[in-house]
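Written out below as structure tokens is the structure these notes cover.
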Amino acid sequence: MKHWPFEVVSDGGKPKIKVAYKGEDKTFFPEEVSSMVLTKMKETAEAYLGKTVQNAVITVPAYFNDSQRQATKDAGTISGLNVLRIINEPTAAAIAYGLHKKGSGERNVLIFDLGGGTFDVSILTIEDGIFEVKSTAGDTHLGGEDFDNRMVNHFVQEFKRKYKKDLTTNKRALRRLRTACERYIKSYRGNI
């Protein structure tokens, strides 16, 4: 959290995201931020489809607990969607995989999802178009963002050692360093 370009504050024991917007400090609950993203996605889908989107199935990381799933469902409702179901992201990936596969017989499938901030794994059995989730697990502390953070920390320490300056006190410099690290990782990933 120390390298995020925003601050997390407490509001009655609940986390809020504090950002500067048009010269003012604003705070938002995670559900509000999520609803903003869902609203934008809804608008984009409607523009593409040329019709109103009312219903949605929303994916969440496999490790989400019941209150996090409910908060996601609430965000969908706030954004004007009728949330039909909340499903695990690896399960959604397995469904997408299975929809295009023809063949008979039972298949066991391992879905490995190393996301930006999380790592999820699901094991499913697919037989005759029926998906059965056998097991799901995840790690909330492992993801691409962790690689980004390690790289940022490395260069912050290098800069401090070489130039005797602490970049963590300059949000703009830290944001530029993070962007440069993310770009490097993306370019490297493209060469694998």
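Within 10 Å of each candidate Cβ there may be at most 10 other Cβ atoms; applying that plus a DSSP loop requirement, which trypsin sites (Lys or Arg not before Pro) in region 16-68 survive?
LYS22, LYS51
Return the whole-Å distance between the Cα centroid of region 131-177 and the Cα centroid of region 1-76.
Here the two parts' Cα centres lie 22 Å apart.
Under the rule a/c < 1.5 gives rounded, and otherwise a/b versus b/c splits prolate from oblate, where does region 60-192 land using the Cα gyration tensor?
Taking the square roots of the gyration eigenvalues as a ≥ b ≥ c, region 60-192 is prolate.
Give, in nm to one decimal, the length gained when the segment between ARG150 and ASP11 is fully stretched (0.36 nm per residue of separation minus the Cα-Cα distance).
Between ARG150 and ASP11, full extension yields an extra 47.1 nm.
Using only C-alpha positions, report the orientation-averaged shadow area of the convex hull of region 144-189, nm², one decimal.
The directionally averaged projection comes out at 3.1 nm².
Treat every Asp and Glu Cβ in region 97-192 as -1 and every Lys and Arg Cβ as +1, leave all other atoms uncharged, and give the resulting dipole magnitude about the Cα centre to the nearest 20 debye.
1160
Using just the C-alpha positions of region 15-137 as equal point scatterers, what log10 of I(q)/I(0) does the Debye formula give at each q in 0.16 1/Å?
-0.92
Against the longest alpha carbon principal axis of the chain, how many degrees, from 0 to 90 and to the nearest 10, is the axis of helix 30-49 turned?
The two axes meet at around 60 degrees.
Given the chain, what percent of its DSSP beta bridges are antiparallel, to the nearest 5?
About 80 percent, rounded to the nearest 5.
Any lysines with Cα under 18 Å of the LYS42 Cα? List them, leaving off those in the same chain fewer than 8 positions away.
Counting by Cα, and skipping residues close in sequence, LYS42 has these lysines nearby: LYS51, LYS73.
If I model a spin label as a point 7 Å beyond the Cα along the Cα-Cβ vector, how far apart are those points for GLU106 and THR179 in nm?
Result for the modelled spin labels: 5.3 nm.
For region 27-45, list residues with backbone N below 20 Å from a point placed 7 Å from the Cα of ASN82 toward its Cβ?
Once the point is set 7 Å along Cα→Cβ of ASN82, 38-45 turn out to lie under 20 Å by backbone N, inside region 27-45.
So what is the calculated 222 nm ellipticity per residue for the chain, using -39500 (n - 2.57) for each DSSP H run with n of 4 or more, over all residues, to the nearest 500 deg cm²/dmol?
Helices in the chain give a 222 nm mean residue ellipticity of -14500 deg cm²/dmol.
Report, in debye and to the nearest 20, how large the dipole of the chain comes out about its Cα centre when Lys and Arg carry +1 and Asp and Glu carry -1 on their Cβ.
For this selection, approximately 1180 debye.
In terms of Cα to Cα distance under 13 Å, which aspartates and glutamates are near enough to LYS40, apart from those fewer than 8 places away along the same chain?
GLU32
What FRET efficiency comes out for LYS186 versus LEU114 if R0 is 22 angstrom and r is the Cβ-Cβ distance? Round to the nearest 0.05.
The pair LYS186/LEU114 has a calculated efficiency of 0.95.
Report the full-extension gain for the segment PHE29 to THR140: residue separation times 0.36 nm, less the Cα-Cα distance, to one decimal in nm.
This chain segment gains 38.0 nm when fully extended.
For region 64-157, which trypsin sites (Lys or Arg not before Pro) are in a loop by DSSP, counting at most 15 other Cβ atoms within 10 Å?
Loop-located and lightly packed - LYS101, LYS102.
Bear in mind these aren't lab numbers, they're just calculated from the coordinates by the rules spelled out. Since the structure is predicted, the reported quantities are computational estimates derived from the model, not experimental observations. Here Cβ is always computed from backbone atoms with ideal geometry, including for glycine, and neighbour counts include all displayed protein chains.
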